[in-house]
Amino acid sequence: MIVLLEIALVLLLVGGGWTMFNRNRHKDKREALTLRRVDAYIETIRRERTNPALVAMSDTELRDLLHSGARNLKAAEQKKHWTLLAIGAGSLIVASMIGSQEGWIGFAIAAAVGAIVAYGTNEFLDRRMRAPLERDGIDVDRLTVE
């Protein structure tokens, strides 16, 4: 049993080291893709001329606005994912505790309540992270980098 734990710990350390080693490469690729999307969106704004406030901005102002909006959106997405992970973990722990007292039905009810809370939180945080960009007339889906 202890040998399996040691092997799991070594694999976890190697995997974590590999992830940290490759993080900058993926970050650079994502940043380049974000900048390309920002430039393409600037061209679309200039071509379509649907939002007078955005059309009136210079390219530098528009690029700064869109790029900072994309970075803020990415940070909000990460915060949302960590929040949902914490809600899921908390729901699982609470459902396990209730399940040990009340059985499978108690576990299922607690897990369902946790799923409803997670869904509501996801929708709230999703709307909240999109609101500042949509208020300025920016299409959020054009800036999203998967």
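The values are calculated or read from the model by the stated rules, or taken from the named source; none is laboratory data. The structure presented is a predicted model; accordingly, all values stated were derived computationally and were not measured. In this analysis, Cβ positions are derived from the backbone assuming ideal geometry, glycine residues included, and neighbour counts consider all displayed protein chains. Just so you know, the surface numbers come from the protein's heavy atoms only, side chains and all, with ligands and any DNA or RNA stripped out. Shrake-Rupley method; radii C 1.70, N 1.55, O 1.52, S 1.80 Å.
So if we plug the beta-carbon distance of A32 and E61 into 1/(1 + (r/R0)^6) with R0 = 25 Å, what FRET efficiency do we get, rounded to 0.05?
0.70
What accessible area per residue, rounded to a whole number of Å², is obtained for the chain using a probe radius of 1.4 Å?
74
Send over the Kirkwood Rh of region 66-146, from the inverse of the averaged 1/r over different Cα pairs, rounded to one decimal Å.
So the Kirkwood estimate lands at 14.2 Å.
Per 0.36 nm of contour for each residue apart, how much would the distance between A8 and M20 grow if the chain were fully extended, relative to their Cα-Cα spacing?
Gain on extension, A8 to M20, equals 2.5 nm.
Would you rank L84, L66 by solvent-accessible area, highest first, keeping every protein chain in place and using a 1.4 Å probe?
Largest accessible area first, the residues go L84, L66.
Per 10 Å bin, what is the whole-percent P(r) computed from every C-alpha pair distance within the chain?
10, 24, 23, 22, 13, 6, 1
Which order, highest average first, do 11-17, 121-127 follow once you tally other Cβ atoms within 10 Å for each residue and take the mean per peptide?
Highest-to-lowest ranking by the protection proxy: 121-127, 11-17.
Can you tell which of W104, W18, W82 shows the greatest fluctuation in a Gaussian network model of the chain with Cα springs below 10 Å?
Residue with maximal mean-square fluctuation among W104, W18, W82: W18.
First measure r as the distance between the Cβ atoms of Y119 and R71, then evaluate 1/(1 + (r/R0)^6) with R0 = 30 Å and state the FRET efficiency to the nearest 0.05.
E(calc), rounded to 0.05, equals 0.65.
Can you pull the percent of the chain's accessible area that's carbon plus sulfur, 1.4 Å probe, other chains left in place?
Exposed carbon and sulfur together represent 64 percent of the surface.
Accessible surface of K80 in the full protein assembly, 1.4 angstrom probe, to the nearest 10 Å²?
Counting only protein heavy atoms, K80 exposes about 20 Å² to solvent.
Kindly write out, for region 133-139 in residue order, the coupling ³J(HN,Hα) from the Karplus curve 6.51 cos²θ - 1.76 cosθ + 1.60 (θ = phi - 60°), rounded to whole Hz, with x marking Gly and Pro.
Per-residue couplings from phi come out as 6, 5, 4, 7, x, 9, 7 Hz.
Is any residue of region 123-146 close enough, with backbone N under 12 Å, to a label point placed 7 angstrom from the Cα of N51 along the Cα-Cβ axis, and if so, which?
Residues 131-143 fall inside that zone.
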